[in-house]
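Report on the structure given below.
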């Protein structure tokens, strides 16, 4: 799950990391530059959404229901309503 953007100093190429451990690199070239920029942009959007959705806002009625649930279930943690990218879930 991506929670960090690729540093600016490492954005002159794009590295694919597959689940089986293999790595593929798209290096700078005439047309590759546009693809590299787009892929990093997609990753940035995924990082933003993962961070945003990892801590969803709780409305007042939800907070009240959560407090009531905790009173009825001492010592337990309620389930969280996660909304993360499929790629992020597969990488864990």
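No value in this document is a laboratory result; all are computed from the given coordinates. Just so it is clear, the model here is predicted, and its values are computed rather than measured. Because the Cβ atoms are built from the backbone with ideal geometry, glycine has one as well, and the counts that use them run over all protein chains shown.
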- Message: Taking 25 Å as R0, compute the FRET efficiency from the Cβ-Cβ separation of residue 63 and residue 3 and round it to 0.05.
- Response: 0.50
- Query: In whole angstrom, how long is each semi-axis of the equivalent ellipsoid of region 1-73, when you take the square root of 5 times every eigenvalue of its Cα gyration tensor and sort them from largest down?
  - Reply: 41, 14, 8
- Note on the structure: With 0.36 nm assigned to each residue of separation and the Cα-Cα distance removed, residue 44 to residue 24 gains 5.3 nm
